[in-house]
Ligand SMILES: [Zn+2]
C-alpha cells in the first residue's frame with residue numbers, strides 16, 4: 001500500500017503501527033511494540049509510572065555531542081465515519097495513497113502523531129547514520145488530557161535538547 005513512498009523505512013513503520021490499537025488512554029499495545037523494537041536494536045528502554053516510554057541510542061560518530069531527545073506521542077484521535085464498522089480496540093487502520101496524500105479508509109489516519117512515531121522507530125533501527133546520543137520519548141494521552149506529559153518526571157529525561165516531532169507545520 002505505502003511501499004512506494006520514501007523514505008521507505010519510515011513508511012514501513014507507519015504501516016506497521018496502523019495495525020496496532022492506540023487510542024488515547026489505551027496505549028498498552030503500542031508501548032509494547034515500541035519497547036520490542038527498541039530492544040531488538042539494542043537500545044536501552046524503560047517505561048514510567050504513567051506509561052510513557054523512553055529509549056536511548058548510543059552515539060555513532062559524535063560521542064561528545066549532547067544527548068538530544070526526540071519527542072512524540074503514542075496515542076491518536078480515534079474517529080470513524082458513521083457508515084463504517086470499525087472497532088478501534090482491535091481493527092487496523094487502513095491507510096492508502098490518494099494522489100499526494102495518505103488517507104485512511106473510513107477512519108482517522110493517526111498521522112498525528114503516527115508519522116513522528118514512525119520516524120523515531122526508523123531512527124532506532126538505522127545503523128549507518130552519524131549522530132550524537134539520542135533519546136526517544138514516547139508519551140501517552142496527548143490528545144485527551146496530556147496526562148503523559150504532565151506525569152513525566154524530570155529525572156526520566158536525560159537529553160539536553162528536546163525536539164518535539166508533534167507539529168502540524170512543515171517549515
Ligand atoms: Zn499530536
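The values are calculated or read from the model by the stated rules, or taken from the named source; none is laboratory data. Not measured: the values here are computed from a predicted model. Reconstructed Cβ throughout: ideal geometry from the backbone, glycine too, with neighbour counts over all protein chains shown.
With respect to residue 97, is the statement that it is more than 14 Å from the ligand (Cβ to nearest atom), under 29 Å from residue 6 (Cβ atoms) and loosely packed, with under 15 Cβ neighbours inside 10 Å true? Criteria met by residue 97.
This table checks each residue for (1) surrounded by 22 or more Cβ atoms within 10 Å (Cβ to Cβ); (2) more than 24 Å from residue 37 (Cβ to Cβ); (3) at pLDDT 95 or above.
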{"position": "54", "(1), (2), (3)": "yes, no, yes"}
{"position": "64", "(1), (2), (3)": "no, yes, yes"}
{"position": "73", "(1), (2), (3)": "yes, no, yes"}
{"position": "76", "(1), (2), (3)": "yes, no, yes"}
{"position": "104", "(1), (2), (3)": "no, no, yes"}
{"position": "110", "(1), (2), (3)": "yes, no, yes"}
{"position": "117", "(1), (2), (3)": "yes, no, yes"}
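The condition of being touching a residue at least 40 places away in the same chain (Cβ under 8 Å) and surrounded by fewer than 21 Cβ atoms within 10 Å (Cβ to Cβ) holds for only one of 58, 82, that being 58.
Across the range 99-110, the number of residues qualifying as out of contact with any strand residue (DSSP E or B) (no Cβ under 7 Å at 6 or more places or on another chain) and touching a residue at least 24 places away in the same chain (Cβ under 8 Å) comes to 0. Taken over the range 54-81, the criterion of being away from the ligand (no atom under 16 Å from the Cβ) and either touching a helix residue (DSSP H, G or I) at 6+ places or on another chain (Cβ under 8 Å) or not in a loop (DSSP other than H, G, I, E, B) (or both) is satisfied by 54, 55, 56, 57, 60, 61, 68, 69, 80.
Note on the range 119-156: residues that are more than 16 Å from the ligand (Cβ to nearest atom), at pLDDT 95 or above and more than 20 Å from residue 7 (Cβ to Cβ) total 3.
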